[in-house]
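J.: What follows is a structure written as structure tokens; I'll ask about it next.
The values are calculated or read from the model by the stated rules, or taken from the named source; none is laboratory data. It should be emphasised that the depicted structure is a prediction, and the values quoted were computed from it without experimental measurement. Note that each Cβ is placed from the backbone with ideal geometry, even for glycine, and that neighbours are counted across all protein chains shown. Just so you know, the surface numbers come from the protein's heavy atoms only, side chains and all, with ligands and any DNA or RNA stripped out. Shrake-Rupley method; radii C 1.70, N 1.55, O 1.52, S 1.80 Å.
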Amino acid sequence: MTHIDMLHGTSSHGLALTAVYAEDPATKVAFALVGPEGELPRLVHWGRPLAHPEEVVGLYDALRPQRVSGALDDTQWPSILPTQAESWTGASRLVVRRDGIELFCAFHVTAISIDEQRYACVVEASDQEQGVALRWVIELDASGLLRQRASVRNLSPSPLAVDKIELGFLVPAQVGELLTTTGHHLHERSPQRQPLNVGRLERLSMTGRPDFDASLVLCAGVAGFGFEHGEVYATHLGWSGNSLLSAERLPYTQTVIGGGEVLFGGEISLAASVDGVTDAAAEDDEHVYTTPWLYGAYGDGLNEVATRFHRFIRSRHPQFANNPRPVVLNTWEAVYFQHRYDTLAALADRAAKEGVERFVVDDGWFGSRRDDHRGLGDWQISQEVWPDGPESLDALAEHVHGLGMEFGLWFEPEMINGDSDLARKHPDWVLRPTPGRLPMQGRWQQVLDLTNPDAYDTIWHDIDSLVTRLGIDYIKWDHNKMVTEAVSPRTGRPAIHRQVLAIYRLFRSLKAHPGLEIESCASGGGRVDLGILELADRIWVSDCVDPVERADIQRYTSLLVPPEMMGEHVGDSPAHSTGRATSQEMRMATAFFGHMGIEWNLLREPDEAIKKLGTWVAEFKRHRADFATGTVVHADGTDPSVRLDGMVSADRARAVYRFTQVTSSQTYPAAPVRLPGLDPEATYRVRPMDVSLDLETPGIGCGQSDLYWWNDKGVELSGGTLSAYGIRPPAINVAQAVLFEAARV
């Protein structure tokens, strides 16, 4: 049973100690804090539950370092928020200024308490002389995630500037390797590994969103950790603005992994206090700044780490477990800006016939928006493209609903084109560094200042009215411009922090419409974080739907995002983003494990291709309930040319696996692949799925004899055998993928 306890004791030097221990046996995670009276505590344990938690107090004496030559009187042993007052000489983690002068705080703990309902520990502290109060909270979630955040309160009669608060988790000394992700537009979530050396690794995101190059998570583990095995600690910041993740190891101490929001100078200025109240618990107060949540996930392998994030996000969207995710058709790569009623109505007819359940009209329906040079900000239906009457957008929405499909519409509410009625009417609603200069534009766009209440109310009213008028079920919410030099003309201050809060408020306000879903898209995968994922119902993984590129984009996005929230679409061939030609089977297999959709002009395709698409859509629908509740697994292997990805049902009775031959292997045919996630004691029948049964389909199989188990009968083996020894995949050509299933017998 999950529990949290406070323990007390005395160190060998007579110091009165307070410890907090929390564990969740179901997820096999525990943490412990301990510290002397008055001092900020240390995180002394994070990992599996301890056999003797009553010994936690003794960890203070067991782990406290000795003084060494050439250092200060206390050797560095980072607290929950290390400062130079406790001998920390790494990167500054708390930067506050008064009258432009940096303060060096020495916090005295005034209270430590536990919340038995939330399995949380709260630490209250202050530096009365400097006029700064601190409130720090850590929680053990039912998913097995830890999360922490801090609030700083101004106690002084003069304003306090907050420039930085970086939180962290202390990780064990055996951690020696880092995994982060990098990327760019059309190539997000590219993994990179490096040794954990002495020094500081910092991954910054400075574009007003996490962006493509942001590390989705920062993982620190034992050398060689993989998806299936190897102790690993991961951290993620749940924030949709400027941020950093870091790993820092000094010669004197263990590694700290963590991160925080990146604030510009003057962005956060806490008002002068009139009463000197020492409580920093308030979150929406001019005297208080509260950090975003910093998350920590521990596991034996990345699969366990990902499962913790998935469980947490699913707890925020419990409706997905009982409401199958609808198959989507999005019109962007089908028609781009060429909107016509007859074309889109015919596309909707064909989509519905093949099992599509949600029809989304992308960019080009509003204002003067006939290309991407103009019209953003004018969220009124274009009479030029959608005139009132039988060929209106209202009529299309009614037609789509009449086909039994949901109706979706594209918006980009945060951006504005200079060539728009809104920009001409309200040039002061554009974020800009000075009255006379705009930031460098991107895609002919600037950023609308949604911290301005008038701009916010206008955008909210325009979208809200259309949701009601058209019966919109789904918003594809885009964010294409990097946010730079973001100063609000209204306040004269940098505005990214408040801009992000305004976006969160817009999401919440619009979702007051019952059943409305919102997708987070930012030129594809440019805004993927737990801040937005608590509010959004789906993310667009990448603007690239080339299945070869998607093999790893989707794999590493799944470290954070559960499959039912990952937009994975079947596109055209050659792919519009890369020009690479791939088989329809490869494209459909790659889109199978997430929230399946179509990004394709079906009106131009032969009947045979459409019929095949309908067969795959029907197969997806048979499995999607498991995808919304089951466990994502990826297999480790020594062959960099292949991928083995799977979805295992929550009860481990069923699993679907995808084998992808990305490029040519050194092994010919490919070596056996292990099947992770199954019950080792159960027996499973493993057989190809019907959609992949025929290896003779032109261009797929390249074997010259039968693969003995690749037939309707398949083969029966235990889960233990399948995970230890694996199964021989079929010989297939490069840029091909096949699906097979395991069912308990």
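J.: May I ask you to list the residues in the range 124-155 that are crowded, with 18+ Cβ neighbours inside 10 Å and outside any strand (DSSP E or B)? Break it down into steps so the answer makes sense when it comes.
T.: So in the range 124-155, the residues crowded, with 18+ Cβ neighbours inside 10 Å come out as 124-127, 131-141, 143-155.
Of everything in the range 124-155, those that are crowded, with 18+ Cβ neighbours inside 10 Å and outside any strand (DSSP E or B) turn out to be 131, 141, 143, 144, 145, 155.
J.: Hey, another quick one. If you take the residues of the range 309-331 that are out of contact with any Asp or Glu (no Cβ under 6 Å at 6 or more places or on another chain) and polar (S, T, N, Q), which of them is most open to solvent (accessible area, probe 1.4 Å)?
T.: Looking at the filtered set, the residue picked out is 322.
J.: Inside the range 45-73, can you point out the residues that are open to solvent by 100 Å² or more (accessible area, probe 1.4 Å) and assigned to a helix (DSSP H, G or I)?
T.: 54, 55
J.: Oh, and also: So which pairs qualify, if the first residue must be in the range 310-331 and farther than 18 Å from residue 404 by Cα and small (Gly, Ala, Ser), the second must be at pLDDT 95 or above and part of a loop (DSSP other than H, G, I, E, B), the Cβ gap must be under 8 Å, and the two must be at least 6 apart or on different chains?
T.: Short answer, once both residue conditions are applied: 315/141; 315/142; 315/143; 321/628; 321/629.
J.: For the range 405-430, what are the residues that are crowded, with 21+ Cβ neighbours inside 10 Å and within 17 Å of residue 457 (Cβ to Cβ)?
T.: Correct list: 411, 413, 414, 416, 422, 429, 430.
J.: Another one. Go over the candidates 530, 516 one by one and state the one that is at pLDDT 95 or above, among the hydrophobic types (A, V, I, L, M, F, W, C) and touching a Leu at 6+ places or on another chain (Cβ under 7 Å).
T.: Details: 530 fails: touching a Leu at 6+ places or on another chain (Cβ under 7 Å).
Going through 530, 516 in turn, just one is at pLDDT 95 or above, among the hydrophobic types (A, V, I, L, M, F, W, C) and touching a Leu at 6+ places or on another chain (Cβ under 7 Å): 516.
J.: Filter the range 597-637 for residues that are within 27 Å of residue 310 (Cβ to Cβ) and more than 27 Å from the chain's Cα centre (by Cα); which is most open to solvent (accessible area, probe 1.4 Å)?
T.: Let us first name the residues in the range 597-637 that are within 27 Å of residue 310 (Cβ to Cβ), namely 597-599, 616-637.
With more than 27 Å from the chain's Cα centre (by Cα) added as a condition, the list becomes 616, 618-619.
Values: 616: 5, 618: 41, 619: 16 Å².
Ranking the candidates gives 618 first.
J.: Moving on. Being without any contact (Cβ under 8 Å) to a residue 60 or more places away in the chain and outside any strand (DSSP E or B) is the filter here; which residues of the range 642-667 pass it?
T.: Those that are without any contact (Cβ under 8 Å) to a residue 60 or more places away in the chain and outside any strand (DSSP E or B): 649, 650, 651, 665, 666, 667.
J.: A further question follows. Of the residues that sit in the range 269-280 and are hydroxyl-bearing (Ser, Thr, Tyr) and modelled with pLDDT under 95, which one is farthest from residue 230 (Cα to Cα)? If you could, list the steps in order and put the result at the bottom.
T.: In the first step, residues of the range 269-280 are kept if they are hydroxyl-bearing (Ser, Thr, Tyr); the result is 269, 273, 278.
After this cut, where a residue has to be modelled with pLDDT under 95 as well, the list is 273, 278.
Working: 273: 49, 278: 44 Å.
Applying the filter and picking the extreme gives 273.
J.: Right, something else. Within the bounds of the range 503-513, is there any residue that is of a type in the set (Ser, Thr, Tyr) and open to solvent by 10 Å² or more (accessible area, probe 1.4 Å)? Please lay out each step first, then the result.
T.: Of the range 503-513, the ones of a type in the set (Ser, Thr, Tyr) are 504, 509.
Those still in the list that are open to solvent by 10 Å² or more (accessible area, probe 1.4 Å) too: 504, 509.
For the range 503-513, residues of a type in the set (Ser, Thr, Tyr) and open to solvent by 10 Å² or more (accessible area, probe 1.4 Å): present.
J.: Need pairs with beta-carbon distance below 9 Å; first residue farther than 16 Å from residue 242 by Cα and in a strand (DSSP E or B) and within the range 289-304, second open to solvent by 10 Å² or more (accessible area, probe 1.4 Å) and among the acidic types (Asp, Glu); sequence gap 6+ or separate chains.
T.: Between residues of the range 289-304 that are farther than 16 Å from residue 242 by Cα and in a strand (DSSP E or B) and residues that are open to solvent by 10 Å² or more (accessible area, probe 1.4 Å) and among the acidic types (Asp, Glu), the close pairs are 295/141; 297/304; 298/231; 298/304; 299/231; 300/228; 300/231.
Residue by residue, here is whether (1) among the hydrophobic types (A, V, I, L, M, F, W, C); (2) in contact (Cβ under 8 Å) with a residue 24 or more places away in the chain; (3) within 19 Å of residue 140 (Cα to Cα) holds:
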{"position": "16", "(1), (2), (3)": "yes, no, no"}
{"position": "41", "(1), (2), (3)": "no, yes, yes"}
{"position": "47", "(1), (2), (3)": "no, yes, yes"}
{"position": "60", "(1), (2), (3)": "no, yes, no"}
{"position": "63", "(1), (2), (3)": "yes, no, no"}
{"position": "86", "(1), (2), (3)": "no, yes, no"}
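J.: Could you list, in sequence order, all residues of the range 95-108 that are in contact (Cβ under 8 Å) with a residue 60 or more places away in the chain and open to solvent by less than 20 Å² (accessible area, probe 1.4 Å)?
T.: Of everything in the range 95-108, those that are in contact (Cβ under 8 Å) with a residue 60 or more places away in the chain and open to solvent by less than 20 Å² (accessible area, probe 1.4 Å) turn out to be 95, 96.
J.: To continue, here is another question. Can you name the residue in the range 219-255 that is among the β-branched types (Val, Ile, Thr) and at pLDDT 95 or above and is also farthest from residue 414 (Cα to Cα) among such residues? Show your work before the answer.
T.: Of all residues in the range 219-255, those among the β-branched types (Val, Ile, Thr) come to 222, 232, 235, 253, 255.
Remaining after also requiring at pLDDT 95 or above: 222, 232, 235, 255.
Working: 222: 42, 232: 37, 235: 28, 255: 38 Å.
Looking at the filtered set, the residue picked out is 222.
J.: Does residue 139 meet the test of being over 20 Å from residue 296 (Cα atoms), acidic (Asp, Glu) and in contact with a Cys (Cβ under 9 Å, 6 or more places away or on another chain)?
T.: On the way: over 20 Å from residue 296 (Cα atoms): no; acidic (Asp, Glu): yes; in contact with a Cys (Cβ under 9 Å, 6 or more places away or on another chain): yes.
No: the conditions fail for residue 139.
J.: Could you tell me whether residue 534 is out of contact with any helix residue (DSSP H, G or I) (no Cβ under 9 Å at 6 or more places or on another chain), within 24 Å of residue 217 (Cβ to Cβ) and open to solvent by 30 Å² or more (accessible area, probe 1.4 Å)? Give the steps one after another, and end with the answer.
T.: Working: out of contact with any helix residue (DSSP H, G or I) (no Cβ under 9 Å at 6 or more places or on another chain): no; within 24 Å of residue 217 (Cβ to Cβ): yes; open to solvent by 30 Å² or more (accessible area, probe 1.4 Å): yes.
For residue 534, the condition - out of contact with any helix residue (DSSP H, G or I) (no Cβ under 9 Å at 6 or more places or on another chain), within 24 Å of residue 217 (Cβ to Cβ) and open to solvent by 30 Å² or more (accessible area, probe 1.4 Å) - is not met.
J.: Across the range 694-732, which residue is farthest from residue 662 (Cα to Cα) among those that are part of a strand (DSSP E or B), within 35 Å of the chain's Cα centre (by Cα) and of a type in the set (A, V, I, L, M)?
T.: Residues of the range 694-732 part of a strand (DSSP E or B): 701, 715-718, 727, 732.
In the following step, the residues that additionally are within 35 Å of the chain's Cα centre (by Cα) were identified as 718, 727, 732.
Narrowing the set further to residues that are of a type in the set (A, V, I, L, M) leaves 727, 732.
Numbers: 727: 18, 732: 10 Å.
Taking the candidates together, the pick is 727.
J.: If we keep just the residues of the range 281-308 that are under 17 Å from residue 500 (Cβ atoms) and modelled with pLDDT under 95, which is surrounded by the most Cβ atoms within 10 Å (Cβ to Cβ)?
T.: 283
J.: How many of the residues in the range 469-504 are under 23 Å from residue 291 (Cβ atoms) and charged (D, E, K, R)?
T.: 2
J.: Now for a separate question. Report yes if residue 114 is closer than 26 Å to residue 244 by Cβ, open to solvent by less than 70 Å² (accessible area, probe 1.4 Å), touching a residue at least 24 places away in the same chain (Cβ under 8 Å) and of a type in the set (A, V, I, L, M), otherwise no. Break it down stepwise before answering.
T.: Working: closer than 26 Å to residue 244 by Cβ: no; open to solvent by less than 70 Å² (accessible area, probe 1.4 Å): yes; touching a residue at least 24 places away in the same chain (Cβ under 8 Å): yes; of a type in the set (A, V, I, L, M): yes.
No; evaluated as a whole, the condition is false for this residue.
J.: Could you check the range 374-389 and list, in sequence order, the residues that are open to solvent by 30 Å² or more (accessible area, probe 1.4 Å) and of a type outside the set (Asp, Glu)? First the steps, then the outcome.
T.: Taking the range 374-389 as the starting set, the residues that turn out to be open to solvent by 30 Å² or more (accessible area, probe 1.4 Å) are 374, 380, 383-384, 387-389.
Selection gives 374, 380, 383, 387, 389.
J.: Just checking, how many residues over the range 99-120 are in a strand (DSSP E or B) and either under 29 Å from residue 201 (Cα atoms) or modelled with pLDDT under 95 (or both)?
T.: Looking only at that region, the number is 3.
J.: In contact with a helix residue (DSSP H, G or I) (Cβ under 7 Å, 6 or more places away or on another chain), crowded, with 17+ Cβ neighbours inside 10 Å, more than 30 Å from residue 311 (Cα to Cα) and touching a residue at least 24 places away in the same chain (Cβ under 8 Å): which single residue out of 90, 9, 35 fits that description? Please lay out each step first, then the result.
T.: Numbers: 90 fails: in contact with a helix residue (DSSP H, G or I) (Cβ under 7 Å, 6 or more places away or on another chain); 35 fails: in contact with a helix residue (DSSP H, G or I) (Cβ under 7 Å, 6 or more places away or on another chain).
Exactly one residue qualifies, and that residue is 9.
J.: Look through the range 174-189, keep the residues that are open to solvent by 30 Å² or more (accessible area, probe 1.4 Å) and of a type in the set (S, T, N, Q), and return whichever of them is farthest from residue 231 (Cα to Cα).
T.: 182
J.: Can you list the strands (runs of 3 or more DSSP E) lying wholly within the range 468-579 that have 1 or more residues being touching a His at 6+ places or on another chain (Cβ under 7 Å) and among the charged types (D, E, K, R)? Spell out the reasoning first.
T.: Values: elements: 474-477, 517-520, 538-540, 566-571.
The strands (runs of 3 or more DSSP E) meeting that bar are 538-540, 566-571.
J.: Inspect all residues belonging to the range 672-693 and state whether any of them is open to solvent by less than 10 Å² (accessible area, probe 1.4 Å), out of contact with any Gly (no Cβ under 7 Å at 6 or more places or on another chain) and assigned to a strand (DSSP E or B).
T.: yes
J.: Scan 361, 400 and give me the residue that is open to solvent by less than 10 Å² (accessible area, probe 1.4 Å) and touching a Ser or Thr at 6+ places or on another chain (Cβ under 7 Å). If you could, list the steps in order and put the result at the bottom.
T.: On the way: 400 fails: touching a Ser or Thr at 6+ places or on another chain (Cβ under 7 Å).
None of the others qualify; the one that does is 361.
J.: Which residues, taken from the range 433-488, are at positive phi and either open to solvent by 60 Å² or more (accessible area, probe 1.4 Å) or under 27 Å from the mean Cα position of the chain (by Cα) (or both)? Write out each step before concluding.
T.: Initially, the range 433-488 is screened for residues at positive phi, giving 443-444, 471, 485.
The answer is 443, 444, 485.
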